[in-house]
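Asker: Sharing a structure here in structure tokens format.
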Amino acid sequence: MVLSQKLHEAFKGTVERITGPRTVSAFKEKGVLSVSEFIIAGDNLVSKCPTWSWESGEPSKRKSYLPPEKQFLITRNVPCLRRAASVEEEYEAAGGEVLLDNEDNDGWLATHGKPKETKGDEDDNVPSMEALEISKKNHIQSISSYFGGEEEEDIPDMADYEGTNNLIETDPATLQSTYLVAHEPDDDNILRTRTYDVSITYDKYYQTPRVWLTGYDESRMLLQPELVLEDVSQDHARKTVTIEDHPHLPGKHASVHPCRHGAVMKKIIDVLMSRGVEPEVDKYLFLFLKFVASVIPTIEYDYTMDFDLGSSSN
Amino acid sequence: MAKQERSGGSILQFSPFQSFVDEGFWHRLSSLKLNKFGIDDSPIAITGFYAPCSHSQVSNHLTLLSESLPCDESEQSSVPAISLGNRNRCSVPGILYNTNTLEAYHALDKKSLLKEEAKKIWEDIHTGKAVEDSAVLLRFLLISFADLKKWSFHYWFAFPALVFDPPVTVVELKPASQWFTSEEADSVSVACNGWRNSSLTAGVPFFLVCIASNSHATIRHLKDWEACQGDGRKVLFGFYDPCHLPNNPGWPLRNFLALICSRWNLKTVHFLCYRENRGFADLGVSLVGEAVITIPQGWRDLQCVPNAVGWELNKGRHISRVINLAKSMDPAMLAISAA
């Protein structure tokens, strides 16, 4: 870890210890959330997008200012079929991005600035039943045909034991294409299917939600956090996405650093208000996740709802 | 692959359950092993979690989290370890054999361990426990060796399934949206979403779909089977299907069919593989099938436990898995990454 980052972490930790959590709402003024507003927004996310749920995480890491059963939000096993770099051109071509901050080079980009266009993108990502039928024949291949002959390095000494248990289960009712790869959009035989656990914690220092990514390869083995950066928009990969200890789970995870979340949310809220839309705090996480989608464009977590961005109200 | 032809049926093939172990599970197991279990290697009751397939591209897994293990006494917890009614965490009972040495791990008699778990499922089917608490049909087995010096964990899952001999055949298997009329499909979606949204039923993975002659669908508990009969009603046997494949049902249907044929003596069964898209019923991805069962000889006899299969394959082979967590557990490595 860089020294400046370490110093900042120490400072942040001290401030978090000695200051109380935010109790007064400053949602419209600063784009930040109080603890109770985070709970309200989280409850709404869980009810509208049921793949998300509240969890309590490691008991030893529990934060006293949050209810024990509502420590953070998580959605598990979210598919990510393409690396972010491969879709960046498409996003640029689609013109669906709104530069929210051009004061400096760290400006956030919000995709989905034009909701209708991005809607089309999403539809393209969901294969129809017909596509799946066809893909069954073409795409599902056993992993050994991909990695033919290559010994797996994570299975060191098993060959000696293989077969000694006489475990060959011959059963005609077991589907024999035993290692099934998900539907993949392209045809060039490169495995891209990853899955992610995406979690949202409350960052007491910045008073905003914070997104964490835990990535898995196609056999659901943990991805090194460095590989997770391949699924982060290249504008953000080395700057706004950092690898740190998760506040509620063991291990290091990639996280979208929250230092500018408040400012970005404030701008989104200002845009909405200028269009005559009164933003409601329980929708904060939908706005937030829409903007996070610009950082992780290919991780297909759920944040959709019937939601008027205000584009048609004027 | 199961065919969709009506040529008298082909063998119904089930997509195997896949396991996933969260890092937190190994952390808590290590802590329990050091602080509580010591050299005691008696089997431990654990809880696995699963949910219906929720994205059309990937199957869901039987997942172990730190909450799958009993609480470590060194940690104070005021919350119940497992919160009921979490629709993304349908609880499944399992058993963990964690050995003290790698040799003992390899020496475990996997065949008889699997048989033992299959016997429990068989007994639950015969006693009717599986009708009251259907999650016992999904009982699973995990063997492991935790090498706390190297922070590596050897493990192997089994999802015991009772084997029908001769195998079950399928005469029809198609997307539920094509099998139901559009009125029925709408009503089934509403009823399934209601079942999934109620904290009382969200974690119940097996159920009945009853469709009245006016196309109105209701979801009922298995124990209401008798009450659902008659009046020209259609009754389907539904289950949360973790599998995403368009031509195969997932593993949970296997023991469910064993229950259906033993309990209600049915030879033709309509089943619903319930799947979701973004957390809501999706009948385009869900499947309805018609299975034809030839009740195997000896299935009336409780003493005569059928064969079972279900050791999980690792990349297509019958071998154990190993994960190394030195990066997040080794104090030396942690010190380096923190420096």
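The values are calculated or read from the model by the stated rules, or taken from the named source; none is laboratory data. Quick caveat, the model's predicted, so the values are computed rather than measured. Quick reminder, even Gly has a Cβ in these numbers, built from the backbone with ideal geometry, and neighbours come from all protein chains shown. When the accessible area is computed, the model is the full protein with side chains, heavy atoms only, and any ligands, DNA or RNA have been set aside. Shrake-Rupley method; radii C 1.70, N 1.55, O 1.52, S 1.80 Å.
Asker: In Å², nearest 100, what accessible area do chains B and A bury in total when the solvent probe is 1.4 Å?
Answerer: 6300 Å²
Asker: Also: Mind putting a number on the dipole of region B:169-292 about its Cα centre? Charges go on the C-beta only, +1 for Lys and Arg and -1 for Asp and Glu, and I need it in Debye to the nearest 20.
Answerer: Details: 11 positive and 11 negative charges, 68 e Å.
With Lys and Arg at +1 and Asp and Glu at -1, about 320 debye.
Asker: How about region B:285-320: which of its residues lose at least 40 Å² of accessible area in the presence of all protein chains relative to their chain isolated, using a 1.4 Å probe?
Answerer: B:309, B:315, B:317, B:318, B:319
Asker: So, one more: Sort A:220, B:278 from largest to smallest accessible area, using a 1.4 Å probe on the heavy atoms of the protein chains. Write down the numbers at each step before the final one.
Answerer: Numbers: A:220 15, B:278 55 Å².
From most accessible down to least: B:278, A:220.
Asker: Angle check, please: helix B:23-32 long axis (alpha carbons) against the longest principal axis of chain B (alpha carbons), in degrees 0 to 90, nearest 10.
Answerer: Tilt relative to chain B: about 50 degrees.
Asker: Going by accessible area, probe 1.4 Å, with all protein chains left in place, what is the ranking of A:54, B:122, B:179, largest first? Show your work: numbers first, answer last.
Answerer: Values: A:54 30, B:122 0, B:179 55 Å².
Sorted descending by solvent-accessible area, the residues read B:179, A:54, B:122.
Asker: Given B:318, B:331, B:260, which one lies farthest toward the positive end of the charge dipole of chain B, if we put +1 on the Cβ of every Lys and Arg and -1 on the Cβ of every Asp and Glu?
Answerer: It is B:318.
Asker: With a 1.4 Å probe and every protein chain left in place, tell me how much accessible area residue B:228 has, in Å² to the nearest 10.
Answerer: Using a 1.4 Å probe on the heavy atoms, I get roughly 0 Å².
Asker: Quick one: ranking B:149, B:110 by accessible area, 1.4 Å probe, largest first, what do you get?
Answerer: Numbers: B:149 175, B:110 5 Å².
Heavy-atom accessible area, descending, gives B:149, B:110.
Asker: In addition: Below 20 Å, Cα to Cα, which lysines can residue B:267 reach? Residues fewer than 8 away in the same chain don't count.
Answerer: Answer for residue B:267, where 20 Å is the Cα cut-off: B:3, B:174, B:223, B:234, listed by chain and number.
Asker: Something else about it: Taking the alpha-carbon distance from residue B:33 and a cut-off under 21 Å, which lysines remain once sequence neighbours fewer than 8 residues away in the same chain are dropped?
Answerer: Straight-line reach from residue B:33, under 21 Å: A:61, B:149, B:150, B:327.
Asker: What figure in square angstrom, to the nearest 10, would you give for the accessible area of residue A:202 with a 1.4 Å probe?
Answerer: About 10 Å², ignoring ligands and nucleic acids.
Asker: Could I ask something else about it? Leaving out ligands, DNA and RNA, what percent of the accessible area of chain B is carbon and sulfur, probe 1.4 Å? Numbers along the way, then the final one.
Answerer: Working: 6710 of 12760 Å².
Taking all protein chains in place, chain B shows 53 percent carbon and sulfur surface.
Asker: Further, regarding this structure: Could you do me a favour and compute the accessible area per residue for region B:169-292, 1.4 Å probe, result in Å²?
Answerer: Working: 4040 Å² over 124 residues.
Per-residue accessible area for region B:169-292 comes out at 33 Å².
Asker: For residue A:48, give me every one of the lysines with a C-alpha distance below 17 angstrom, ignoring sequence neighbours fewer than eight places off in its own chain.
Answerer: Within the straight-line cut-off, residue A:48 pairs with A:70, A:283, A:290.
Asker: How much accessible surface area, in Å² rounded to 10, belongs to the heavy atoms of residue B:329 with a 1.4 Å probe?
Answerer: Answer for residue B:329: close to 30 Å² accessible.
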